[in-house]
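Take a look at the structure set out below.
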Amino acid sequence: MPPRRSTRQVEVGGVPVGGGAAISVQSMTNTKTTDVEATMSQIRSLIDEGCQIIRSSVPDEASVASFKEIKSRMLREGITAPLVADIHFDHRLALGAIEAGADKIRFNPGNIGPPERAIEVATAAKNKGIPIRVGVNAGSLRKEHQLPDHSHDDRNTALARALADSALWGVELLDSVGHEDVIVSAKASSVPVSIEAYRLLANECDKPLHIGVTEAGTTLTGAVKSAVGLGVLLSEGIGDTFRVSLATDPVTELGVAFNILSSLGIRRRGANVIACPTCSRCDIDLIPLAEAVELELKGVKEPIDVAVMGCVVNGPGEAREADLGIAAGKGEGLLFKNGEIIDKVPEGELLVRLREAIAELISSRS
Ligand code: SF4
C-alpha cells in the first residue's frame, strides 16, 4: 500500500487524528440523546467493542442539557473516549454543546445559516481549544453547491466536485478566524461519489479526513458498500478516522470497521475466522462448525487467526498459517497450533477441542 497521506494532526479529546496517528474508529449513538440512560448504555457497549470516538446528535435545547449530563457521567465512570456533538441547522446548539463539554463539534458550515454563524461557532470552539469536523453530506449540500438538475452529463463527477468544494468552502471559513484544528468529511451514499470526493480533498487540503460512505444501508449492503468505499480509500493512503454507517445497532458498525482494517492488514482487533466455502470435497459438516467457531470468538478482543477448512486441498496450508486451524479429513480433523499439528480429533469433538485450544492460546498470551 502507498504511504498514508500526510496531514496536520488534530487532537480530539486525547485521540490524535491524522499526522501519522493510527486510524481511529468511531461510531454514533442512535438513542435519543435526551434519554441519558439509554445513551449511556449504548456508549458503554460501543466502548466495549473498541469505539474510540463517540458522536451523539444534539437536535434541540433539551439535548444540550442531556449531552452535558452524558459527558459528565462518562467522566465519572472513567470513560475517557471523546464525545462529539453532531449539529445541524442551529448554531446556538453548537455553542451550547461547546459549553456542555463537547470534545469536538461536527457541523456543516453550509447548512447553518449565514456564514457569520459558522464563524461564531468556530470562534467559540477555538477559544475552548475544541476541534471541528466540517462534515458535508451529499444530502445536505450548501445551496450554492447543489447541482441544478438531474441532467448533468457526469453527475457522479460533478457531485463529488460539489461535495469537495462545499467542504473546502467550510474549511476556508474556519481558517478565516484562525481555527485550524479541523477534520473534514464529504460523504455520499454512492460509493464512487464518496471515493472521488475524498480523492479531491486529499489532493486539495492538508486536513485529516474522516472518511465514510453515508447512509450505506442495512447490515449486509451497508457493510459491503463501506468495505468497498473505505477499502479503496484506505488502500490509497487516504483516511485518518472513519465510521461505518449502518442502519442497525451501532455496535455492529464496529465489527465491520475492525474487519475492514484487519482485511487491509492495517490494524487487528478480535478474531479473524478463515473458513473455506466448502465444495463436494468437503469431508465434514463445516459450515455449522465455522459459524460456531465465529460465535465462540465473538467476545475475543485480541487478534487471533483461526482457520476452519474442509479438506486436504487447501486445509493444511491455511490451518498452518493461522494461529489455530482445523484441516478436515474423513470424519475427523487435524488441529494445528502455530503451524504444527497438535492433535487429530473426531468430527464430533472438533468444536470442544478447538474451544480448549483457543482458551489455552489466549491465556498463554496474557
Ligand atoms: S478447502 Fe477443500 S472443501 Fe474447502 S472449498 Fe477448498 S477444496 Fe473444497
Task: Between helix 191-204 and the chain: long-axis angle, C-alpha atoms, 0 to 90°, nearest 10 - done: 60 degrees
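To the nearest 0.05, what FRET efficiency results for residue 176 and residue 61 with a Förster distance of 35 Å applied to their C-beta separation? Before the final figure, lay out the partial values.
Values: r = 28 Å, r/R0 = 0.81.
Given R0 = 35 Å and the Cβ-Cβ separation, E is 0.80.
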Task: Pairwise Cα inverse-distance average, inverted: Kirkwood Rh of region 143-259 (Å) - done: 14.8 Å
Open item on the list: I'd like the projected area of region 271-365, averaged over all directions, using the convex hull of its alpha carbons. Report it in nm² with one decimal.
Closed with: 5.1 nm²
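How large is the helix-only mean residue ellipticity at 222 nm for the chain, computed as the sum of -39500 (n - 2.57) over DSSP H runs with n ≥ 4, divided by its residue count, in deg cm²/dmol to the nearest 500?
On the way: 11 runs with 152 residues, N = 366.
Result for the chain: -13500 deg cm²/dmol, rounded to the nearest 500.
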- [ ] At 0.36 nm per residue, minus the direct Cα-Cα distance, what do residue 140 and residue 38 gain on full extension? Give it in nm, one decimal, please.
- [x] 33.9 nm
Open item on the list: Greater than 21 Å separation of Cα atoms is the criterion. Which listed pairs, 71/104; 32/104; 301/337; 68/143; 32/71; 187/301, meet it?
Closed with: 68/143; 187/301
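Can you tell me what share of the DSSP beta bridges in the chain is antiparallel? A percent to the nearest 5 is fine. Intermediate results must be reported in sequence, preceding the final value.
On the way: 15 of 49 bridges.
Antiparallel: roughly 30 percent of the beta bridges in the chain.
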TODO: Note down the nm distance, to one decimal, between modelled labels 7 Å out along Cα→Cβ at residue 89 and at residue 9.
DONE: 3.9 nm
- [ ] Take every Cα-Cα distance within the chain, group them into 20 Å bins from 0 onward, and report for each bin the whole-number percent of pairs it holds.
- [x] 28, 49, 21, 2
- [ ] Quote the FRET efficiency, to the nearest 0.05, computed for residue 236 versus residue 116 with a Förster distance R0 of 41 Å and r equal to the Cβ-Cβ distance.
- [x] 0.65
Task: Once the Cα gyration tensor of region 53-135 is diagonalised, semi-axes √(5λ) in Å - done: 21, 12, 10
- [ ] For helix 286-296, report the angle its Cα long axis makes with the longest principal axis of the Cα atoms of the chain; keep it between 0 and 90° and round to the nearest 10°.
- [x] 50 degrees
Task: Partner lysines for residue 344 [C-alpha distance under 24 Å; skip if fewer than 8 residues away on the same chain] - done: 330
TODO: Give me the distance in nm between label points sitting 7 Å out from Cα along the Cα-to-Cβ direction at residue 313 and residue 99, one decimal.
DONE: 6.8 nm
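Could you give the length gained by full extension between residue 321 and residue 291, i.e. 0.36 nm per residue of separation minus their alpha carbon distance, to one decimal place? Mind dumping the intermediate values first?
Values: separation 30, 0.36 × 30 = 10.80 nm, distance 2.01 nm.
Gain on stretching residue 321 to residue 291: 8.8 nm.
May I ask you to derive the FRET efficiency for residue 300 and residue 30 from their Cβ-Cβ distance with R0 = 25 Å, giving the value to the nearest 0.05?
On the way: r = 26 Å, r/R0 = 1.03.
The pair residue 300/residue 30 has a calculated efficiency of 0.45.
Coordinate-derived values only; no laboratory data. Fair warning: this is a prediction, and the values are worked out from it, not measured in the lab. Note that we place each Cβ from the backbone using ideal geometry, even for glycine, and neighbour counts take in every protein chain shown.
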